[in-house]
């Protein structure tokens, strides 16, 4: 009964929600995208998540992330772990209060079925892509700033990331240019759909960009 509404969708095979229980996902960044995305994943049947972040919850996070006032001052991974276990007591959440770097990425990601980049740091994305290309692992790039979201699945074996982003991009900071809660939650929702489709075997590499304020949507197939 728990997943009956999700499994009722014609796009999903019978008992799909149970077949993803043991899939291992790494969420790099537990802020505006990572916190709502992890909640969507656990509610949808994913029970093995690794959460990676170094930040503490602060007052500004309450506007666009899933944390509550009593979480302020607590590590984001710790607060998120507690919330996810309240949603599904059978969930197996591994928390890592560290930054992803060249020294720990193999240990953290070697058993991952899919890596989810929810950071606001392009250098980390480059690191994730390099690791995935070398180890033929797949990952999803997600972004959210102002009223704009972006998401794209990158398959490690195709090596398309550098073709899309030949030069590092200077990420805009939400503290400088602003962001709506609808932006971060929409990005998380888009990525959640991408994850479901991935485990259904639909591994299209489409760069999806959307401006929620202007109702503009762009989707570019990568090849």
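Using Cβ contacts closer than 10 Å as the measure, can you line up 95, 27, 140, 150 from fewest to most?
Fewest-to-most Cβ neighbours within 10 Å comes out as 150, 95, 140, 27.
Kindly give Rg over Rh for region 168-220, based on alpha-carbon atoms, with the Kirkwood expression for the hydrodynamic radius.
Radius of gyration relative to Kirkwood radius: 1.02.
Calculate for the chain the 222 nm mean residue ellipticity that helices alone would give, adding -39,500 (n - 2.57) per DSSP H run of length 4 or more and normalising by residue count, nearest 500 deg cm²/dmol.
-9500 deg cm²/dmol
For the chain, just list the percent of Cα-Cα distances falling in each 5 Å bin from zero outward, please.
1, 7, 15, 19, 22, 18, 12, 5, 1, 0
Below 8 Å, C-alpha to C-alpha, sequence gap of six or more: please give me the relative contact order for region 65-196 in percent.
The normalised contact order for region 65-196 reaches 19 percent.
Can you sort 110, 18 so the residue with the fewest Cβ neighbours within 10 Å comes first?
110, 18
Provide the three semi-axes, in whole Å and in decreasing order, of the ellipsoid equivalent to region 51-171 as defined by the square roots of 5 times the Cα gyration tensor eigenvalues.
Whole-Å semi-axes of the equivalent ellipsoid: 27, 18, 13.
Could you list 213, 139 in order of exposure, starting from the residue whose Cβ has the fewest other Cβ atoms within 10 Å?
So the ranking, lowest neighbour count to highest, is 213, 139.
Using Cα-Cα distances under 8 Å and only pairs 6 or more residues apart, what relative contact order does the chain have, in percent?
19 percent
Since every read-out is calculated from the coordinates, none of them should be taken as a lab result. Note that the coordinates shown come from a computational prediction; the quantities given were computed from them, not determined experimentally. Glycine also receives a Cβ, built like all others from the backbone with ideal geometry; neighbour counts cover every protein chain displayed.
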